[in-house]
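Asks: Sharing a structure with you now.
The values are calculated or read from the model by the stated rules, or taken from the named source; none is laboratory data. This is a predicted model, so every value here is computed, not measured. Here Cβ is always computed from backbone atoms with ideal geometry, including for glycine, and neighbour counts include all displayed protein chains. Just the protein is used for accessible areas: all its heavy atoms, side chains included, with ligands, DNA and RNA removed. Shrake-Rupley method; radii C 1.70, N 1.55, O 1.52, S 1.80 Å.
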Amino acid sequence: MNHMRTNKTLKIKIILIFLSLIACNSCLAQTDISTGSHEGWYLLWHDEFEGKVLDESKWRAEDAALTKNNEMQYYTPEDVWLDNGFLVLRSEKRSMGKRMYTSGLVETRNKFVFQYGRVEIRAQVPQGKGLLPAHWMLPATGLWPPEIDIMEVLGHQPNVVHMTAHWGVWPDREKKGEMFMGSDFSQDFHEYAMEWDKDSIKWFVDGKQHLEVDEYVPHEPFYIILNTAVGGDWPGSPNSKTQFPQEHKIDYVRVYVPEIPGKYYLNVMAENGKVDVLPKLTVYPKNKKIKLWARPQIGYKFSTWSGDIKSPKNPLVLSMKEHKQIIANFIPDENAWKKLAAKISKVSSSEAEDLSARYAIDNNLKTRWSSAFSDPQWLQIDLGKKCLIKAVRLNWETAFARAYKIQVSDDAKDWKTIYSTSRGQGAIEEIKDLNAKARYIAIYGITRAREFGYSLWEFEVFGKEL
Ligand SMILES: [Ca+2]
Ligand SMILES: [Ca+2]
């Protein structure tokens, strides 16, 4: 009997080893967790969170009361910091911006996007009713859907990982997802990963695949978001047992792309500006000539390129002979155009009194104007006297304009369009080299990007008085 039992145990052990080998076959077999190197893959972009402060060339920390899913938190950079190699997103019970809770959200929007690849995020999630830690992705266009949820955990079910793809055209949405029930994920660190190529998207927890979606595969660049929502439609509100503060800790975020013989990747980063690349490809054939333009934000000027290329030239021309990571560096420009004083002239509508037009020009990035939820909507500003208008900066909340015009007028009656687009990207949009002379300037929204109104944290005008 004893012998039999031993034999049986051995058999079970062999089967288990065999099963784990099969399971690992579908993941990346040879992983070195300390360096993140995988054979056959190139580490295109990563953050190990080893610094003292959040790397702003990679991440933007949200500072807003986002209006979606009836969430109850105010996202503040105060709840985002680095500690001993970890990114910490704290959720607290305290009031800020008319919300009862605060929490942390970071995203790579306008800083890093990628199309196809493998994302790995090692994290320890918070737990408790009303908490919703998430690692997810949205398209660079700012449109929704699509959305790829790499990991979502409901704080009252910390042993279940939700993985979901959302697609369709709003309001006709579709989704496919999977729930993986494991151990209590709030007790220690686990690796959540997503692999995306032109044929499918796959989801992994600790190297094991749990979902594959091929009904829908996006063919456009996405950015990454890490956060903990508090309250809202899905998790429900925190209750008396929910403990605060709570911490969502992230050890690393790594994005890999497949090594292709004779092809090379380019990853460009910039803070206080952006870089245009021509041609813009996901991967470059050997010896392909490319041109990079560093475009500073208003108030900054280009200084140098660093990383794999060190040069003061702008634009920069180079030939792709290897993978390249390049950083564009910008410095404050003492000769920059000054911001013009302004007051509200007229506005088409406001969603509420505490979202009125004056909040779009109060130099406060925590207050905003939001219009009624219809098209068109507009906001007119009076500069007090005729000015030379060089540039405007639109600082959008989540609800931005897909199509809009910038118009000027001398009398606030006859308006002339000096800029128009049907491909607004939201976030911070700067429109330069306007060179218009006028006393009044307006943003005229034609098409909203979201179901909400037009929502601006700030509408700034730069130039000089004439
Ligand atoms: Ca780390
Ligand atoms: Ca404001």
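Asks: What whole number of Å gives the distance from the Cα centroid of the stretch 372-399 to the Cα centroid of the stretch 175-201?
Replies: Between the Cα centre of the stretch 175-201 and that of the stretch 372-399, the gap is 42 Å.
Asks: So for the chain, taking the charge dipole from beta-carbon charges (+1 Lys/Arg, -1 Asp/Glu), which of TYR284, ILE331, LEU434 sits furthest toward the positive end?
Replies: Selected residue: LEU434.
Asks: Say a paramagnetic label sat at a point 7 Å from the Cα of THR67, along Cα to Cβ; which residues of the stretch 128-151 have their backbone N under 20 Å from it?
Replies: Correct set: 142-145.
Asks: Of all the C-alpha pairs in the stretch 256-409, what % are more than 25 Å from each other?
Replies: 51
Asks: Within 12 Å, Cβ to Cβ, of ILE331, how many net charges do the neighbouring residues add up to if Lys/Arg are +1 and Asp/Glu are -1?
Replies: Net charge in that neighbourhood comes out at -2.
Asks: Whole-Hz ³J(HN,Hα) for each residue in the stretch 258-274, computed from phi via Karplus 6.51 cos²θ - 1.76 cosθ + 1.60 with θ = phi - 60°, x for glycine and proline: what do you get?
Replies: Once θ is set to phi - 60°, the couplings for the stretch 258-274 become x, 6, 10, x, x, 10, 10, 9, 10, 10, 10, 10, 7, 10, 6, x, 9 Hz.
Asks: Sticking with this one: In Å², what does the accessible area per residue of the chain work out to with a 1.4 Å probe?
Replies: I get 48 Å² per residue for this part.
Asks: Only four residue types carry charge here, +1 at the Cβ of Lys and Arg and -1 at the Cβ of Asp and Glu. Report the dipole size of the chain about the Cα centre in Debye, rounded to the nearest 20.
Replies: With Lys and Arg at +1 and Asp and Glu at -1, about 1160 debye.
Asks: Straight-line reach only, C-alpha to C-alpha below 12 angstrom: list the aspartates and glutamates that LYS338 could link to, leaving out same-chain residues fewer than 8 apart.
Replies: GLU460, GLU465
Asks: Still on this structure: Across the Cα atoms of the stretch 31-258, what radius of gyration and what greatest pairwise Cα-Cα distance (Dmax) are found, in Å?
Replies: According to the Cα coordinates of the stretch 31-258, Rg and Dmax are 16.5, 50 Å.
Asks: Which angle from 0 to 90°, rounded to the nearest 10, does the C-alpha axis of helix 2-25 make with the longest principal axis of the chain?
Replies: 30
Asks: Still on this structure: Can you tell me how the stretch 95-228 classifies by the Cα gyration tensor, rounded, prolate or oblate, using a/c under 1.5 as the rounded cut?
Replies: Note, shape of the stretch 95-228 comes out oblate.
Asks: Oh, and also: Rounded to a whole number of µm²/s, how large is the Stokes-Einstein D of the chain at 25 °C and 0.890 mPa s, given Rh as the Kirkwood radius over C-alpha pairs?
Replies: Calculated translational D: 101 µm²/s.
Asks: Now for a separate question. Sort 297-303, 429-435 by the packing proxy (mean of other Cβ within 10 Å over each peptide's residues), most packed first.
Replies: The packing order, highest mean first, is 297-303, 429-435.
Asks: Carbon and sulfur: what percent of the chain's accessible surface (1.4 Å probe)?
Replies: C and S atoms contribute 52 percent here.
Asks: Let me ask something else about it. Going down the table (LYS321/LYS432; LYS68/LYS343; LYS111/LYS202; LYS313/LYS386), which pairs top 26 Å between alpha carbons?
Replies: LYS321/LYS432; LYS68/LYS343; LYS313/LYS386
Asks: Provide the three semi-axes, in whole Å and in decreasing order, of the ellipsoid equivalent to the stretch 407-466 as defined by the square roots of 5 times the Cα gyration tensor eigenvalues.
Replies: Taking √(5λ) for each eigenvalue gives 22, 14, 11 Å, largest first.
Asks: If you don't mind, another one. Contour minus end-to-end for VAL88 and LYS321, with contour as 0.36 nm per residue of separation and end-to-end as the Cα-Cα distance?
Replies: 80.1 nm
Asks: What value in Å³ per residue do you get for the convex hull of the alpha-carbon atoms in the stretch 209-318?
Replies: Per-residue hull volume (Cα only) is 237 Å³.
Asks: Please report the net charge: other residues with Cβ closer than 10 Å to the Cβ of GLY463, K and R +1, D and E -1.
Replies: With Lys, Arg at +1 and Asp, Glu at -1, the neighbours total +4.
Asks: In a shell of Cβ-Cβ distance under 14 Å around GLY128, excluding GLY128 itself, what net charge do Lys and Arg (+1) and Asp and Glu (-1) give?
Replies: Around GLY128, the charge tally is +1.
Asks: In addition: Quickly estimate the mean residue ellipticity at 222 nm for the chain, helices only: each DSSP H run with n ≥ 4 gives -39500 (n - 2.57), and the total goes over all residues, rounded to 500.
Replies: -2000 deg cm²/dmol
Asks: Have a look at LEU379, GLY445, ILE406 and report the one farthest towards the positive end of the charge dipole of the stretch 338-465, computed about the Cα centre with Cβ charges (Lys/Arg +1, Asp/Glu -1).
Replies: Towards the positive end, the residue furthest out is ILE406.
Asks: Cα centroid distance between the stretch 254-314 and the stretch 226-251, in Å?
Replies: Here the answer is 38 Å between Cα centres.
Asks: Taking amide H atoms as placed 1.01 Å from N in the peptide plane, list the residues 5 or more away in sequence, or in a different chain, whose amide H sits under 5 Å from that of GLU397.
Replies: SER455, LEU456, TRP457
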